[in-house]
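Everything on this sheet refers to the single structure shown next.
The values are calculated or read from the model by the stated rules, or taken from the named source; none is laboratory data. Here the structure is a predicted model, which means the values were calculated and not measured. Cβ placement follows ideal geometry from the backbone for every residue including glycine, while neighbour counts extend to all protein chains displayed. The accessibility values were calculated without ligands, DNA or RNA, using every heavy atom of the protein model including side chains. Shrake-Rupley method; radii C 1.70, N 1.55, O 1.52, S 1.80 Å.
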Amino acid sequence: MPGGMVEARASEATNGGTEQVDVTVVGAGFAGLYLLHRLRKAGFNAIVLEEADDVGGTWYWNRYPGARCDIQTIDYSYTFDPELESAWRWSEKYATQPEILRYLGFVADRYDLRRDIRFDTKVTAATWDEGPQRWLLTTDNGAKVSCRHYIMATGCLSAPKPPEIDGVKDFKGEIYFTSRWPQKEVKLAGKRVVVIGTGSSAIQAIPLIAEQAAHLTVFQRTPNFALPAHNGPAPADRLALLEGDRAGYREQARWSLGGVPWPQQTVVSWQLSDTDRRERFEKAWAAGDLIYILTQLWADQAVDVDGNALLADLIREKIRSTVNDPETAAALTPHDHPFGAKRPCLDTNYYATYNRPNVTLVNLRQEPIKAITSSGITTDKRSFDVDVIVFATGFDAMTGAIMAVHEITGRGGRSLSDVWAHGPQTYLGLTVAGFPNLFMITGPGSPSVLSNMAVSIEQHADWVVDRLIAMREAGFTAIEATEAAQAGWARHMADCSMLTLHRLANTWYTGANVPGKARGVMPYTGGVGPYRSICNEVVSQGMLGFRLTGPNVPEQCNDGEIVRLQPDVRLVLNMLAEMKLPPLESFGSQGARDFVAQFNAARPAGRPVGEVVDGMLPGTDGPLPYRLYRPATPGPHPIVVYFRGGGWVFGDAQSDDPFCRDMCRRTGMIFVSVGYRHAPEHRFPTATEDGYAAARWIAEHGAELGGDSGPILVAGWSAGGNIAAVTCQLARDRGGPPIAGQLLLSPVTDCTFDRPSYNDNATGYFLTRSLMYWFWDLYCSPADRTDPRVSPLRGKLTGLPPAYVVTCEFDPLRDEGIAYADALAAAGVPVEQLQGRGHFHSSFTMVDVVITGVSGRAQMAEAMRRFAGLPEETGRRHEGVPPDRPREVDAAAS
Ligand code: NA7
């Protein structure tokens, strides 16, 4: 027996009753087994402590009927050893729990792991011992353990949640938990069975329990989305992909968003007809693949509530068409969360089970449970006599899986439970400041449950073991995350949580399923590949954010924040860097225009608005083109005169199309984008004079354009922000038109290049210092540059319309934008500033690419509505922020 073997070894290795090892791992599941294998190969003396009497972790405990994985098994496997991959063949697309358990036993035997696993052993306390710089562990079975490094491989869903229902102890029948299902056969035939809960575990178990029980009553609090698994052999196309290039397939999975190699969708829902969308949906429904349906339908399905609702509605239709009784169907239909924001389930016959005569659904939203009695369950409305109760009530997820194991006491006697009282604080989801040499595998703050766990586990285990090897080589004995790095990671996590819709659902991802638990999205929502690259960057930047110490070496601490950019900005900039583009200015002005036009053609199509009209208006020296965006709402509407970005050199009335469409929808105003003339063909002050002339004409012809009787507003981005600012000054000085407000987005406001942002952000953020020099040279001779018509900061600022000034942290133009806002305020102009933390020059105009720009645009739109005297917009569904929730707009702003 495994336990006996370890006992013999332990007694040899003990020292004064305490076993001395380099590394202790808790848990012999997927993570613990691989860790032990790698640690051993690296020459560490390592043991695993495991509460169960065998390997398997979550697959040891969750033996309930129907338990299977919900990621295709060919993906849910170890990949570290190609020989292991060819030595094992899965029998089904989604393996059952017994098969997965057999697989883990096979792995344990193949690498002879059991001899270093102490089974039937629960750690009761772990304390950091400052003197020897080691962890001291007490257990409920056998010697204490002293280790240099302590690794929690306890999974994410290992601490079952108590039932939280009065009277459980009084019940005289049988009670089972899906999470602790007995090894002996559970006989349900002829019995009246209740299942409480309708999460993944229940949804897998219910159809099988219904086949056995005399009667099954399901107590549902919240309906969940379930999709047919269509189980069977592994699909031929996926197998062919894997077998065609196994190494390539695995590598792609490691760099993908979810840990399974599927391409990223680029088509957005509004580009597809109803028929196209339904076709895509039916294909996904038939595929029986969670990751496929979560990612492959349209690009906005997981990031935008409207795009998501289109998909959720199609699933709801399926539920209605499967369940015969309309009242039961309605009760089973989820309405309180976006699809995917809560873990959807893969099922086999789940909805159809409710058509069986021996199955009843009780909707706890209509009749909550009052108590469990000796003979059954009483709700507000009735009593049920019951023989068996199955609790499928879930887990104290992620943090519970670590804290509930035992008390962990770190530096200075601080317990992890105290440090995490208000939510988990980690660096990379791997480490915690104040807890040296403690690592977590798939901990809160890492992709974990939002990824293919097998891929994430290998990445974590490799990263940790590689660090231990590097420390050993350098003579370091302790590693600890710094507070600054940890705080930075919390910020990055919060930024990432704006990328998806998980924040909008009450789930175990957010701690909402456990009464009193701190709320917040616990898994990392930035994706597996980006996360991997960040972990690698920590290393390549000299273990950024870690303090490393050792008895005979100087301390090393390269403190700092690993990600300061918004997560999607980081992806965009990395992608641009990989393209290794020559500097834009090297193309020449026409070449740059062509390049930008090509670049724009590849972006997601702008969102639909009521109407788009192209026209011409009279400029100072001839007609100028414009494009008008009209809202779908009944007019007349206020009019915004918009000036595009493009450094005075490129772009046209259509080049900021997605931004204009988005702002037209958000503000409910007409946007008229003006095609002012380009430099160097038309140098200063042409652009400005064109802008002013256009504003004047639009104001005078507002009614013809569908505008209301109020004054116009102006807006502009970058060089267009410069024109907007100058237009306001000219309108004041030249007798109109009246302007109700100005939106200046990363505007050029001054001709000097000596503010810090010009140096801090000189290169690497797309708009470079040298590109700005080039723009200036093409547009304006040095002698003219202090003219307020190009450097509005040098103009008179009193009496200007109220302003909303947006700047971006990683933008050479940041400081002149801030300076302009400050100067306006000093001149008595009402002004609001949005400083986009982690954003770059193009963040807010890259609509549907930089998702974290949404909240900034929502704030801009609100400001514009205030300027125009419109009421605050409450129907903000398109932002993913339900109207009754507090404003989340600060996530991207400082
Ligand atoms: P889940 O997904 O947390 O589901 C638990 C279910 O139990 C869920 O429907 C809960 O309703 C319900 N529940 C919890 N407590 C109660 C009480 N007190 N009364 C009534 N109903 C209750 O856990 P699972 O084990 O199904 O799945 C966990 C993960 O394992 C899964 O996502 C896969 O990744 C594998 P609620 O929604 O809270 O209203």
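What do you reckon, is T198 within 9 Å of the ligand (Cβ to nearest atom), under 20 Å from T510 (Cα atoms) and in contact with a strand residue (DSSP E or B) (Cβ under 6 Å, 6 or more places away or on another chain)? Yes: the conditions hold for T198. On the phi > 0 side of the Ramachandran plot and modelled with pLDDT of 95 or more: which single residue out of G434, G410 fits that description? Checking each option against the conditions leaves just G434. Does E174 satisfy the condition of being open to solvent by 60 Å² or more (accessible area, probe 1.4 Å) and modelled with pLDDT of 95 or more? Considered against the rule, which asks whether it is open to solvent by 60 Å² or more (accessible area, probe 1.4 Å) and modelled with pLDDT of 95 or more, E174 comes out as no. The residues of region 43-73 that are open to solvent by less than 20 Å² (accessible area, probe 1.4 Å), more than 13 Å from the ligand (Cβ to nearest atom) and assigned to a loop (DSSP other than H, G, I, E, B), listed by number, are E50, A52, V55, G56, Q72, T73. Apart from one condition, F395 fits all of (1) modelled with pLDDT of 95 or more; (2) under 30 Å from M152 (Cα atoms); (3) within 16 Å of the ligand (Cβ to nearest atom); the exception is (1). So, in region 212-230, of the ones that are open to solvent by 30 Å² or more (accessible area, probe 1.4 Å) and more than 7 Å from the ligand (Cβ to nearest atom), which residue ends up nearest to D380 (Cα to Cα)? The extreme case among them is H215. For region 151-164, a residue qualifies if it is crowded, with 17+ Cβ neighbours inside 10 Å and part of a loop (DSSP other than H, G, I, E, B), and the qualifying residues are A153, T154, G155, C156, L157, S158, A159, K161, P163.
Taking residues in region 224-235 that are in contact (Cβ under 8 Å) with a residue 40 or more places away in the chain, and partners anywhere that are of a type in the set (D, E) and within 16 Å of the ligand (Cβ to nearest atom), the pairs with Cβ atoms closer than 6 Å and at least 6 places apart or on different chains are A226/D347. Taken together, the criteria exclude T852 from residues that are touching a residue at least 60 places away in the same chain (Cβ under 8 Å) and out of contact with any Pro (no Cβ under 8 Å at 6 or more places or on another chain).
Take the conditions (1) over 30 Å from L39 (Cβ atoms); (2) within 16 Å of the ligand (Cβ to nearest atom); (3) not polar (S, T, N, Q); E174 misses just one of them, which is (2). Considered as a group, the residues in region 737-751 that are small (G, A, S) and more than 23 Å from F684 (Cβ to Cβ) include one that is most open to solvent (accessible area, probe 1.4 Å), and that residue is A740. Screening G836 on (1) within 21 Å of L713 (Cα to Cα); (2) of a type in the set (G, A, S); (3) outside any helix (DSSP H, G or I) shows it passes everything except condition (1). Within region 614-634, the set of residues being closer than 19 Å to R696 by Cβ, in a strand (DSSP E or B) and open to solvent by 50 Å² or more (accessible area, probe 1.4 Å) comprises M616, P618, P623, P625. Pairing residues of region 294-314 that are without any contact (Cβ under 8 Å) to a residue 60 or more places away in the chain with residues that are in a loop (DSSP other than H, G, I, E, B) and basic (K, R), at Cβ distances under 8 Å and at least 6 apart in sequence or on separate chains, gives no pairs at all. Across region 810-820, which residue is surrounded by the most Cβ atoms within 10 Å (Cβ to Cβ) among those that are in contact with a Leu (Cβ under 8 Å, 6 or more places away or on another chain) and in a helix (DSSP H, G or I)? Out of the qualifying residues, it is G817.
Restricting attention to region 493-509 and to residues that are touching a helix residue (DSSP H, G or I) at 6+ places or on another chain (Cβ under 7 Å) and open to solvent by less than 10 Å² (accessible area, probe 1.4 Å), the residue that is farthest from the ligand (Cβ to nearest atom) turns out to be D495.
With the structure loaded, tell me whether T139 is out of contact with any His (no Cβ under 8 Å at 6 or more places or on another chain) and touching a residue at least 60 places away in the same chain (Cβ under 8 Å) or whether it fails that test. Judged against the criteria, T139 is a match.
Select, from K184, K169, the only residue that is within 16 Å of the ligand (Cβ to nearest atom), open to solvent by 40 Å² or more (accessible area, probe 1.4 Å), farther than 23 Å from T507 by Cα and without any contact (Cβ under 8 Å) to a residue 24 or more places away in the chain. Going through K184, K169 in turn, the sole match is K169.
Only a single criterion out of (1) of a type in the set (A, V, I, L, M, F, W, C); (2) within 11 Å of the ligand (Cβ to nearest atom); (3) part of a helix (DSSP H, G or I) is not satisfied by I209, namely (2).
Report yes if T121 is within 16 Å of the ligand (Cβ to nearest atom) and open to solvent by less than 20 Å² (accessible area, probe 1.4 Å), otherwise no. No; evaluated as a whole, the condition is false for this residue.
Just one of the numbered conditions (1) assigned to a helix (DSSP H, G or I); (2) at positive phi is not true of A240: (2). Close contacts from region 522-542, counting a first residue that is farther than 25 Å from T399 by Cβ and a second that is of a type in the set (D, E) and open to solvent by 10 Å² or more (accessible area, probe 1.4 Å), with Cβ to Cβ under 9 Å and a gap of 6+ residues or different chains, come to V539/D466.
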